[in-house]
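The values are calculated or read from the model by the stated rules, or taken from the named source; none is laboratory data. Everything quoted here is computed from the prediction, not taken from an experiment. Note that each Cβ is placed from the backbone with ideal geometry, even for glycine, and that neighbours are counted across all protein chains shown.
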Amino acid sequence: MQDPNKLTLGERWAVNASPSQFHALAGAIGGFTSGVVTCPLDVIKTKLQAQGGLNAAQKSHQLGRAQVYEGLVGTASVIWREEGIRGMYRGLGPIILGYLPTWAVWFTVYNKSKIWLGQHSQNSFVINFWSSIIAGGSSTIATNPIWVIKTRLMSQTAHHDRPQFSLHPKSGNTPTSRPTLPSPWHYKSTIDAARKMYTTEGILSFYSGLTPALLGLTHVAVQFPAYEYFKLKFTGRSMGVAPVAGQDEKAHWLGILSASILSKILASSATYPHEVIRTRLQTQRRPIPGQEFMQGLGGVAGEPTHAVGEKPAAPQRQVPKYKGIAMTFRTILREEGWRAFYAGMGTNMMRAVPAATVTMLTYEYSMRQFNQIKANGSRKLQQQIDQPTF
């Protein structure tokens, strides 16, 4: 007969696990679930944000008209028609690889920071604000390379102008030589993207857009203090804390849902322009020595011209279109106007709000399950101690 006080494998783990382990695992589960559910909307948002970096010739070449993507439905139709279901889930690999460590690091550091800052301040808003900044900075620096790859995979199209293009000089069988590539802007997978970015652009390409990403800490600095405030108002419980016995379950989860939606809308509305700037910097390829013409997103490229009988001019030096946050801001404002800073915002809301909602609901549910498993394991251990032996 099976002993009812025998601990299961999950209970043995939970009894010995620390709160940090609970937060990390619950955050990873929440981020993974959110990434899978909202990947198609993330692809559409990235396409809309990045297309402003294309020149008019590239846009008209791709689809025969100046505007490639128009709105949520129009963009989804183009992706579905040209690339099918795989296009809708382009970049899912980096999303999964990115969200798992991002939210695991974020929730762990956030809750540890709250404990540490709580020893120096009694102001809950100050504690939540700075905990969000610290957690966001830690997770951003740790996972930025993954998000650069994700953005590039999502922003590329299925068709390429120069399939036989090769980088110069041609590859020799040496460790430092550059490979011959089918296209300078075509990645077949996450590993393929990482290899090509490293061999053609160097290690710094993985940290493209890091500065505006760090400026994006203003987003979490708004979102999570707001979430904590709304959840406390709606449920009477802080983040990650389960409802008390006898509390209305339906009202509790409805409160979490409302807090997630309101906090995400507030944060996205206030900080959206930095996402456009970050996307432009991430999707811009770094100049490659010896490359006379750079095909891809966001480059200022020009081929030398000369009259008949004249000696051809030397190739122009490739200059990136976007350099730093201030220059990128001025370039976008000058060429496209202020509306470009809100390109894809409607789609972003339709992606970000469900993503935040799924993340927080999954996180809260996972935390509740982990704490319940730990309580059951502790109860069984206590019964084993109290049980008389003969």
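Please specify each residue of the range 190-214 satisfying the condition of being of a type in the set (Phe, Trp, Tyr) and in contact (Cβ under 8 Å) with a residue 60 or more places away in the chain. Give the derivation first.
Going through the range 190-214, the residues of a type in the set (Phe, Trp, Tyr) turn out to be 198, 206-207.
Within the range 190-214, PHE206, TYR207 qualify.
Within the range 365-376, which residues are more than 16 Å from ALA104 (Cβ to Cβ) and of a type outside the set (Phe, Trp, Tyr)?
Going residue by residue through the range 365-376, those that are more than 16 Å from ALA104 (Cβ to Cβ) are 365, 368-369, 371-376.
Result: ARG368, GLN369, ASN371, GLN372, ILE373, LYS374, ALA375, ASN376.
Within the range 66-91, restricting attention to residues that are outside any helix (DSSP H, G or I) and of a type in the set (Gly, Ala, Ser), which residue is surrounded by the fewest Cβ atoms within 10 Å (Cβ to Cβ)?
To start, the set of residues in the range 66-91 that are outside any helix (DSSP H, G or I) comprises 66-70, 89-91.
Cutting the leftovers down to of a type in the set (Gly, Ala, Ser) gives us 66, 91.
Numbers: ALA66: 8, GLY91: 25.
Applying the filter and picking the extreme gives ALA66.
Could you say whether any residue in the range 261-274 is on the phi > 0 side of the Ramachandran plot, surrounded by 14 or more Cβ atoms within 10 Å (Cβ to Cβ), at pLDDT below 85 and of a type outside the set (Val, Ile, Thr)? Steps first, answer last, please.
Quick first cut of the range 261-274, residues on the phi > 0 side of the Ramachandran plot only: none.
No, every residue in the range 261-274 fails to be on the phi > 0 side of the Ramachandran plot, surrounded by 14 or more Cβ atoms within 10 Å (Cβ to Cβ), at pLDDT below 85 and of a type outside the set (Val, Ile, Thr).
So which residues in the range 218-240 are in a helix (DSSP H, G or I) and hydrophobic (A, V, I, L, M, F, W, C)?
Step one: filter the range 218-240 for residues in a helix (DSSP H, G or I), giving 218-235.
Scanning the range 218-240 gives VAL220, ALA221, VAL222, PHE224, ALA226, PHE230, LEU232, PHE234.
Using the structure shown, decide if GLY299 is at pLDDT below 80, out of contact with any Ser or Thr (no Cβ under 8 Å at 6 or more places or on another chain) and surrounded by 16 or more Cβ atoms within 10 Å (Cβ to Cβ).
Details: at pLDDT below 80: yes; out of contact with any Ser or Thr (no Cβ under 8 Å at 6 or more places or on another chain): yes; surrounded by 16 or more Cβ atoms within 10 Å (Cβ to Cβ): yes.
Yes.
Condition first: modelled with pLDDT under 85 and either under 26 Å from TRP13 (Cα atoms) or touching a Phe, Trp or Tyr at 6+ places or on another chain (Cβ under 8 Å) (or both). Now tell me which residues in the range 343-381 satisfy that. Can you show your working first?
Initially, the range 343-381 is screened for residues modelled with pLDDT under 85, giving 343-352.
Matches in the range 343-381: MET345, ASN348.
Which ones in the range 94-134 are among the charged types (D, E, K, R) and either in contact (Cβ under 8 Å) with a residue 24 or more places away in the chain or closer than 15 Å to GLY31 by Cβ (or both)? Lay out the reasoning, then the answer.
Here is the first cut: in the range 94-134, the ones among the charged types (D, E, K, R) are 112, 114.
Passing the criteria: only LYS112.
Against the definition (at pLDDT 65 or above, farther than 30 Å from LEU214 by Cα and outside any helix (DSSP H, G or I)), how does ALA251 come out, yes or no? Don't jump to the end; show me each part of the working.
On the way: at pLDDT 65 or above: yes; farther than 30 Å from LEU214 by Cα: yes; outside any helix (DSSP H, G or I): no.
Here the answer is no, as ALA251 does not meet what is asked.
For the range 104-120, enumerate the residues that are under 19 Å from LEU217 (Cβ atoms) and not aliphatic (A, V, I, L, M).
So the first thing to find is which residues in the range 104-120 are under 19 Å from LEU217 (Cβ atoms), and the list is 104-114, 116-117.
If the condition is that a residue be under 19 Å from LEU217 (Cβ atoms) and not aliphatic (A, V, I, L, M), then TRP106, PHE107, THR108, TYR110, ASN111, LYS112, SER113, LYS114, TRP116 are the ones that fit.
Within the set of pairs 6+ apart or on separate chains, which have a first residue in the range 330-359 that is without any contact (Cβ under 8 Å) to a residue 40 or more places away in the chain and of a type in the set (Val, Ile, Thr), a second that is crowded, with 22+ Cβ neighbours inside 10 Å and outside any loop (DSSP other than H, G, I, E, B), and C-beta atoms under 7 Å apart?
Here the result reads none, with nothing in the range 330-359 linked to a residue that is crowded, with 22+ Cβ neighbours inside 10 Å and outside any loop (DSSP other than H, G, I, E, B).
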